[in-house]
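One structure below.
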Amino acid sequence: MGRPSAILEIIWIVWLCSWVAASFWSGRTQSWIGARDTWTYRAVMIVGGVLLVPITAQVLGEPQLWPIGYGAAYVLAAIMIAGLCFTWWGRIYLGRLWSSEITRKEGHHIVDTGPYGVVRHPIYTGLIVGLLATAVAEATVTGVIGAALVIFGIYLKASSEERFLRVELGPDAYDSYRRRVPMLIPFLKLG
């Protein structure tokens, strides 16, 4: 039998393929963030992603920090699926306003209901849940560091997106939303 954490890899591949396929369902872009801000968070995420991929730990001959059996892998897979379902709920709820880039779409407005009433960035929150489950399942130093870097990159992207939307949609409207709804962690209003 293969590694128990391989089930999470399959789930990530299925999610990624469905996410890319749906990328054509987006409205017309009116404005976008500068390239420097984009490459800052992307570079952190790319390095983290490379470290998180299991083959990196295998090439380095890295031992597992803790044992992961099939039972634990299935529990982690369920947690990961819940997180990725949250990403889809956020994306579907956002509709044509969604973009993989930080942009302002035609007819852009603040969405503050559904998953956007729970956290301001439900897609990022769901990804963080999936990344944490993956890091636990991989159980390697590079996996944990990789997940931490990707999560930090997500935080950088969310922060850039907030600054951009505050300017684009108006500080009064966006600041009101920020006061009511937590950024990434439900019930925790840090920023």
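The values are calculated or read from the model by the stated rules, or taken from the named source; none is laboratory data. All values reported here derive from a predicted model rather than from experimental measurement. Reconstructed Cβ throughout: ideal geometry from the backbone, glycine too, with neighbour counts over all protein chains shown.
Looking at segment 104-122 only, could you name the residues that are out of contact with any Asp or Glu (no Cβ under 9 Å at 6 or more places or on another chain) and crowded, with 21+ Cβ neighbours inside 10 Å?
Across segment 104-122, the qualifying residues are Pro115, Val119, Pro122.
All of (1) of a type in the set (A, V, I, L, M, F, W, C); (2) modelled with pLDDT of 90 or more; (3) loosely packed, with under 14 Cβ neighbours inside 10 Å; (4) over 18 Å from Lys157 (Cα atoms) hold for Ile55 with one exception: (2). Scanning segment 1-27 for residues that are loosely packed, with under 15 Cβ neighbours inside 10 Å and under 30 Å from Gly69 (Cβ atoms) yields Met1, Gly2, Ala6, Ile10, Ile13, Val14, Leu16, Cys17, Ser18. Checking every residue in segment 58-67 against the condition of being among the charged types (D, E, K, R) and assigned to a loop (DSSP other than H, G, I, E, B) gives at least one match.
Rundown of residues vs (1) under 18 Å from Glu162 (Cβ atoms); (2) in contact with a Gly (Cβ under 6 Å, 6 or more places away or on another chain), yes/no style:
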| site | (1), (2) |
| --- | --- |
| Ser26 | no, no |
| Ile33 | yes, no |
| Gly48 | no, yes |
| Gly61 | no, no |
| Ala77 | no, no |
| Cys85 | no, no |
| Val118 | yes, no |
| Ala133 | no, no |
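When Gln64, Gln30 are checked against the criterion of being within 30 Å of Glu106 (Cβ to Cβ), over 23 Å from the mean Cα position of the chain (by Cα) and surrounded by 11 or more Cβ atoms within 10 Å (Cβ to Cβ), Gln30 stands alone in meeting it. Scanning segment 153-187 for residues that are outside any helix (DSSP H, G or I), within 16 Å of the chain's Cα centre (by Cα) and more than 25 Å from Leu51 (Cβ to Cβ) yields Pro182, Pro186. So in segment 122-146, with the set limited to residues that are under 16 Å from Val53 (Cβ atoms) and not aliphatic (A, V, I, L, M), which one is nearest to the chain's Cα centre (by Cα)? So, considering only residues that are under 16 Å from Val53 (Cβ atoms) and not aliphatic (A, V, I, L, M), the one nearest to the chain's Cα centre (by Cα) is Gly130.
For segment 33-57, give me each residue that is under 26 Å from Gly107 (Cα atoms) and not in a helix (DSSP H, G or I). Correct list: Ile33, Gly34. For segment 154-191, filtered to residues that are closer than 18 Å to Ile33 by Cβ and aliphatic (A, V, I, L, M), the residue that is surrounded by the fewest Cβ atoms within 10 Å (Cβ to Cβ) is Val167. Scanning segment 92-140 for residues that are touching a residue at least 40 places away in the same chain (Cβ under 8 Å) and among the polar types (S, T, N, Q), we see that the one that is nearest to Pro171 (Cα to Cα) is Thr103.
Considering each of Val150, Val144 in turn, give the residue that is surrounded by 21 or more Cβ atoms within 10 Å (Cβ to Cβ) and either assigned to a helix (DSSP H, G or I) or modelled with pLDDT under 95 (or both).
Result of the check over Val150, Val144: Val150.
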